[in-house]
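To keep things clear, I will list the structure first and then write my remarks on it.
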Amino acid sequence: MNRKKHHRALIALGMVPEMGPGRARRLLQLSNVESADQLFDLNIRDYLKADGIGKQISKNLSNFEDWKSVDKILDRTESIGAKLLAYDDEHFPELLKHIYDPPLILWYKGDLKALDKPGVAVVGTRNPGSYGLSQAEEWSKKLVQKGICVNSGLAYGIDAKAHQTAVENGGKTVAVLGSGIDVIYPARNKPLAKKIIESGGLIMTEFPPGTQPDAGNFPERNRIVSGMSHGVLVVESGVKGGSMITARFALDQNREVFVVPHQLGYMKGEGCNYLIQNGQGKLVRSIDDILEEISVEANSENVSEKPPSTWKSLELTDEENQLCELLDNRSLHIDQISEKLDQPTFKLLPKMLTLELKGAIVQKAGKYFEAR
């Protein structure tokens, strides 16, 4: 596959009216094309065969001719020193692939290896108090000390403190923008963005170069922050705001939500207490409260030898054996299992429950499963 042509076509798909990343990815999957540029060789009847692609979108795609604008975006990407990462490229975040509407392509600057590390999002208000700032610093430091990447949105306040702390403590951090890769917002955080890149971290966005930080971009940004992370830590938030939106995305994406508690009557922390009260987030007091839920190996190289697998001695169906083989000696999220077996989660979960009752697998916190 010619990756340049593939990337070029993915950018074009993002410019087709009413298409959107979800429909585009579905069309790519159902059309059985190897490269996105091959989509533009098909006709309207081919497009209509894909579920969710109606006549108007098919017509819009068939009539697309604005390749000049696409090439301008590619030229600008190169001139500003940014690079492209498609949904099917090697370093695209594995967890992000499994959300409802993953981005088709990302613009980035920095080291892609930061995406290979397990990540936790640290989010909060843009106008934190001293307690919120100190908690953001403390938790971010603890996370990077355990080898976990700190993900956030480069906003004022909690986001910036989380990124800064990760950099200062030799850790990795990823900043997801709600603007083009060349439009750092807020502008005051340009030096911080530079430090993130220089420290081996990453800044990235799904918005083409030159895109201004429109208010509607930030919820889209937040779904990426939560979607690429094993969990979201809400440090300080009111009942309304971007942090609560990120928390809701996390819950919809089967991610863990962790919450720093606040004193009663403190308006900037009411959102945190609300999440705890309603069972939507776990109150955290130590780093172990996070590590035991996200099911990742954090700086744990000395693993004792495991006993023989229990499931191999049980009478299981062929399908059950297949599931256990997939989970043998590793822990997978339900979305990852769904992707590997090409089965929807609602059909898989009853099967997983049956295997749990048989003692063949165990469900760990956060909808992770592993064979026994």
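The values are calculated or read from the model by the stated rules, or taken from the named source; none is laboratory data. As the structure is a computational prediction, the values presented were derived from the model and not from experiment. All Cβ positions, glycine included, derive from the backbone under ideal geometry; neighbour counts span all protein chains shown. Each accessible area value is taken on the protein alone, full model and side chains, heavy atoms only, with ligands, DNA and RNA left out. Shrake-Rupley method; radii C 1.70, N 1.55, O 1.52, S 1.80 Å.
Here are some residues: Glu339, Glu356. Which one is open to solvent by 20 Å² or more (accessible area, probe 1.4 Å), part of a helix (DSSP H, G or I) and out of contact with any strand residue (DSSP E or B) (no Cβ under 7 Å at 6 or more places or on another chain)?
None of the others qualify; the one that does is Glu339.
Kindly indicate whether any position in the range 301-309 is in a helix (DSSP H, G or I), at pLDDT below 90 and surrounded by fewer than 13 Cβ atoms within 10 Å (Cβ to Cβ).
no
One residue is enough: does the range 101-111 have a residue meeting the conditions out of contact with any strand residue (DSSP E or B) (no Cβ under 8 Å at 6 or more places or on another chain) and open to solvent by 60 Å² or more (accessible area, probe 1.4 Å)?
no
From the list Lys72, Lys59, which one is without any contact (Cβ under 8 Å) to a residue 24 or more places away in the chain, open to solvent by 30 Å² or more (accessible area, probe 1.4 Å) and under 30 Å from Lys194 (Cβ atoms)?
Lys72
Filter the range 27-53 for residues that are surrounded by fewer than 16 Cβ atoms within 10 Å (Cβ to Cβ) and touching an Asp or Glu at 6+ places or on another chain (Cβ under 9 Å) and give the result.
The answer is Leu30, and nothing else.
Picking from Lys351, Lys347, which residue would you name as being in a helix (DSSP H, G or I) and open to solvent by 90 Å² or more (accessible area, probe 1.4 Å)?
Lys347
Given the range 224-295, what helices (runs of 4 or more DSSP H) lie entirely inside it while holding 2 or more residues that are open to solvent by less than 50 Å² (accessible area, probe 1.4 Å) and touching a residue at least 40 places away in the same chain (Cβ under 8 Å)?
Where helices (runs of 4 or more DSSP H) fall fully within the range 224-295 and carry at least 2 residues being open to solvent by less than 50 Å² (accessible area, probe 1.4 Å) and touching a residue at least 40 places away in the same chain (Cβ under 8 Å), they are 242-252, 287-294.
Of everything in the range 116-135, what is open to solvent by 30 Å² or more (accessible area, probe 1.4 Å) and either touching a Cys at 6+ places or on another chain (Cβ under 9 Å) or charged (D, E, K, R) (or both)? Give them in sequence order.
If the condition is that a residue be open to solvent by 30 Å² or more (accessible area, probe 1.4 Å) and either touching a Cys at 6+ places or on another chain (Cβ under 9 Å) or charged (D, E, K, R) (or both), then Asp116, Lys117, Pro118, Arg126 are the ones that fit.
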